[in-house]
């Protein structure tokens, strides 16, 4: 189905960013435009997902150039679902930013850049052209560079140097991989590549290219041993920015891996073993890294790495059920990780510190707030029937069917580590009696905020918590979508037919 | 010509990675620039180099008959150059800013992100 409206989520974000630039000096109008724009984007993305789910894959050939010659945009269920999740996280962070981002940062263009970042993410999910994917990745990283450094504090700048270096390196490796792939096949359209790569006889060269893609995407999604930039940078910017980074930026790497390694490079034994080993080490190093951290934002940063390992393990097992599990987990992870970084920001607004040693007594002082915060924390652990449980269940089932005991063991070990870390955090931050903290002058505490700002911060956390609960209790619906997506990924005939025709 | 390009690309990648592994911030950026240029030349090389055959269809025919120079790699390189130009400009401003804030260009001394708060 040729449908030019599928790029609407991308165009809309660009339009919002332009509008925001015209109201550069007025922060209240900026906030209003950002929130209403994000709300519109959410409605459009929801309509897109419903349309794709009912009517099948929608495509757009840019400029009327037929595939494989032009740039194709493809909205299959996977892309549409991720665009919807981006819009949900985007709305939550936009509302949260209204409450938490300081005026100085807004003056330097926080909101326009934020919407350009969301535009890049939506574009990366929708494109069907490998070089176009590279371009969207560059839009994502340049916006994230600005967001990471805006404000210019010492830790931010130092974190940014590590982040910028590794992401530029990842881009070069990705570009090298594209160059070799173009040399091998003479095509850039992913559906066309799927057919042409299968015909190449020199499988060694194909595997080398696949490994280059794996390294490029691996740096972006922070897998072992390429993750060191993540815990060095994600805890430095304001919580609203960490939230969007933690929720979506690493996940776009996972999306690219799931797409490329099911459509273009079908993993042989060698490649799936490599992916599986990387996944296991990622789970271990993320989990163990989180164990020894004291700063709650760093704990969450390491937990991102640990849980990227889960999704990679699902890809490594390479069966419909395991990939469906990875996709379910991806859906859950985007919502929960975004929420957790926002929660950490709210805790900071109350207490003025991120250190677990200094925090304490939160439950006694704010029992209702603690209950809202408990939802994302325990969803992350995956206590049934909360959202984290179902994805892992599917993955373990998938790995069992392939009698892949190693992956099962490490997924359970990773869950156990997460449980231990979250339980410790719960007792340290919420239950134990903390020391009395001195008031810091340069921090604007929660009680000093205007009521609207307070409502924005708590409201956005509650919104994502409700969605987490929705994923957990409405697991049947999400599972149906995940299994449908996994079936389409494992058998890309539908995708190729939709793009290339017949 | 191809052999020459292959050697140059190899040198650019090697020099780029070597420079990135140094401790100085400026050398880090130079390394990234070299790597980026190496990747651009690689696209050019792998797009098959053909001399003096522009992809122009004669008015009497309706498709390209013989071997022609593929215009796609050149479009890709142009895009990649523009993108890397923007990113490198940002990176250079960033290291200038970092030098002002941290007062060193030695990467080993940039440990503020590892401090336990």
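Any idea how far apart residue A:294 and residue A:449 come out in nm if each label point goes 7 Å out from Cα toward Cβ?
2.6 nm
Just to be sure I understand: if I project the alpha-carbon convex hull of the stretch A:269-356 onto a plane and average over all orientations, what area do I get in nm²?
On the way: hull surface 22.6 nm².
With every direction weighted equally, the projected area is 5.6 nm².
Cα convex hull of the stretch A:202-272: mean projected area in nm², to one decimal? Kindly include the intermediate steps, with their values, before the conclusion.
On the way: hull surface 19.9 nm².
Value for the stretch A:202-272: 5.0 nm².
Could you check the simple spin-label distance between residue A:365 and residue B:103, using points 7 Å along Cα→Cβ, in nm with one decimal?
For the pair residue A:365/residue B:103, the computed spacing is 3.5 nm.
Between the stretch A:66-120 and the stretch A:418-494, how far is it from one alpha carbon centroid to the other, in angstrom?
19 Å
How large is the convex hull of the C-alpha atoms of the stretch A:129-274 per residue, in Å³?
Numbers: hull volume 13.6 nm³, N = 146.
Looking at the stretch A:129-274, the number lands at 93 Å³ per residue.
Residues of A:172-181, mean number of Cβ from any other protein chain within 10 Å of their own Cβ, rounded to a whole number? Don't jump to the answer; show the numbers that get you there.
Working: counts 14, 2, 1, 12, 8, 1, 6, 15, 3, 1.
Mean inter-chain Cβ contacts per residue within 10 Å come to 6.
Hey, could you get me the Stokes-Einstein D for the stretch A:259-316, Kirkwood radius over alpha-carbon pairs, 4 °C and 1.567 mPa s, rounded to whole µm² s⁻¹?
On the way: Rh = 12.0 Å.
Estimated via Stokes-Einstein, D reaches 108 µm²/s.
Averaging the inverse of every distinct alpha carbon separation and then flipping it gives the Kirkwood radius. What is it for the stretch B:19-87, in angstrom units?
Numbers: mean 1/r = 0.0695 Å⁻¹.
After inverting the pairwise mean of 1/r, the radius is 14.4 Å.
By how many degrees, between 0 and 90 and to the nearest 10, does the Cα long axis of helix A:110-126 differ from the longest principal axis of chain A?
30 degrees
Over all distinct alpha-carbon pairs, what is the Kirkwood Rh of chain B in angstrom? Intermediate results must be reported in sequence, preceding the final value.
Numbers: mean 1/r = 0.0582 Å⁻¹.
The Cα-based Kirkwood calculation yields 17.2 Å.
Under 8 Å for C-alpha pairs, at least 6 residues apart: give me the relative contact order for chain A, rounded to a whole percent. Intermediate results must be reported in sequence, preceding the final value.
Working: 814 pairs, mean separation 82.5, N = 502.
So the answer I get is 16 percent.
If one computes the Cα centroid of the stretch A:122-151 and of the stretch A:341-389, what distance in Å separates the two points?
Result: 31 Å between the Cα centres.
Taking 25 °C and 0.890 mPa s as the conditions, I'd like the Stokes-Einstein D for chain A in µm²/s, using the Kirkwood hydrodynamic radius from alpha carbon pairs.
Values: Rh = 22.7 Å.
For the chosen part, D equals 108 µm²/s.
Taking neighbour Cβ counts within 10 Å as the exposure measure, how do A:422, A:308 sort from fewest upward?
Values: A:422 23, A:308 30.
Fewest to most other Cβ atoms nearby, the residues stand as A:422, A:308.
Please determine, in degrees from 0 to 90 and to the nearest 10, the orientation of helix A:387-401 with respect to the longest principal axis defined by the Cα atoms of chain A, where the helix direction is its Cα long axis.
40 degrees
In square nanometres and to one decimal, what's the mean projected area of the convex hull around the Cα atoms of the stretch A:1-148? Working shown, then result.
Numbers: hull surface 33.4 nm².
Seen from a random direction, the Cα hull of the stretch A:1-148 projects 8.3 nm² on average.
With all distinct Cα pairs included, what does the Kirkwood hydrodynamic radius of the stretch A:6-82 come out to in Å, to one decimal, could you say?
Working: mean 1/r = 0.0715 Å⁻¹.
Every distinct Cα pair counted, the radius reaches 14.0 Å.
Relative contact order for the stretch B:47-104 using alpha-carbon pairs under 8 Å, separation at least 6, rounded to a whole percent?
Details: 24 pairs, mean separation 16.2, N = 58.
For the stretch B:47-104, the relative contact order is 28 percent.
Determine, from the Cβ-Cβ distance of residue A:476 and residue A:107 and an R0 of 41 Å, the FRET efficiency 1/(1 + (r/R0)^6), rounded to the nearest 0.05.
Efficiency, rounded to the nearest 0.05: 0.30.
How shielded is B:16-24 by partner chains, expressed as the average number of their Cβ atoms within 10 Å of its Cβ atoms? Spell out each step's value before the answer.
Values: counts 2, 2, 0, 0, 3, 0, 0, 0, 0.
Mean partner shielding for this stretch: 1.
What average count of beta carbons from other chains do you get within 10 Å of the Cβ of residues in A:150-160?
Numbers: counts 0, 0, 4, 2, 6, 7, 4, 11, 10, 3, 6.
Average neighbour count from other chains, rounded to a whole number: 5.
Do the sum for chain A: with -39,500 (n - 2.57) for every DSSP H run of n ≥ 4, divided by all residues, what is the mean residue ellipticity at 222 nm, to the nearest 500 deg cm²/dmol? Don't skip to the end; give the middle numbers.
Numbers: 22 runs with 374 residues, N = 502.
Rounded to the nearest 500, it is -25000 deg cm²/dmol.
What translational D, rounded to a whole number of µm²/s, comes out for the stretch A:344-486 from Stokes-Einstein when the hydrodynamic radius is the Kirkwood one over Cα pairs, at 37 °C and 0.692 mPa s? Before the final figure, lay out the partial values.
Details: Rh = 17.3 Å.
Answer, rounded: 190 µm²/s.
Post the alpha-carbon centroid distance, the stretch B:60-117 to the stretch A:171-200, in whole angstrom.
Each part's Cα centre sits 21 Å from the other's.
Please check: in the Gaussian network model of chain B (C-alpha springs, under 10 Å), which one of B:76, B:41, B:25 has the largest mean-square fluctuation.
Comparing B:76, B:41, B:25 in a Gaussian network model of chain B, the most mobile one is B:76.
Spin-label point model (7 Å from Cα, Cβ direction): what's the residue A:357 to residue B:111 distance in nm?
About 1.6 nm, to one decimal.
Provide the FRET efficiency to the nearest 0.05 for the residue A:62-residue A:21 pair, computing r from the beta carbons and using R0 = 30 Å.
Working: r = 25 Å, r/R0 = 0.82.
Calculated transfer efficiency: 0.75.
Throughout, read-outs are computed from the coordinates displayed, never taken from laboratory work. Only a predicted model underlies this, so the values are computations on that prediction, with no experimental measurement involved. All Cβ positions, even for glycine, are placed from backbone atoms using ideal geometry, and neighbour counts span all protein chains on display.
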